[in-house]
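Participant: Handing you a structure now.
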């Protein structure tokens, strides 16, 4: 069984879509999620304190700054904007797919865990995540 989720982003940051996924799963098996983009990632992360999300965004911005930063002058793929190549680098460092066990229609996430799209671009995007529920 497969479906897709569309997550509207409004710039860099983490966008939770756990509830959408939880409403879709059923039975017992393994859920696989895959994001169909090269400048965004998927994460399972804490969903209780919003500072975790802002700290992660700030950390990765510091780790991989825009191509206008002097430390990034070696980049050659810059014609799509100063956040594009850094977004590809971040997506290469983080997962683009997740596997989550499902038992009796419930996601096997921990108490404070949520499922997120991590948007690495500055401008808004519509991100598509494919979900596959298997035995």
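Throughout, read-outs are computed from the coordinates displayed, never taken from laboratory work. Remember, it's a predicted structure, so these values are computed and weren't measured experimentally.
Participant: Just from the alpha-carbon atoms, what are the Rg and Dmax of the chain in angstroms?
Facilitator: Just the Cα atoms of the chain yield Rg and Dmax of 15.8, 52 Å.
Participant: Right, next: Using alpha carbons only, what's the Rg to Rh ratio of region 1-52 with Rh from Kirkwood?
Facilitator: A ratio of 0.96.
Participant: Restricting to DSSP H runs of at least four residues, report the calculated mean residue ellipticity at 222 nm for the chain, -39500 (n - 2.57) per run over all residues, nearest 500 deg cm²/dmol.
Facilitator: Value at 222 nm, helices only, nearest 500: -7000 deg cm²/dmol.
Participant: Out of 100, 44, 115, any idea which swings most in a Gaussian network model of the chain, alpha carbons joined below 10 Å?
Facilitator: Fluctuation is largest for 100.
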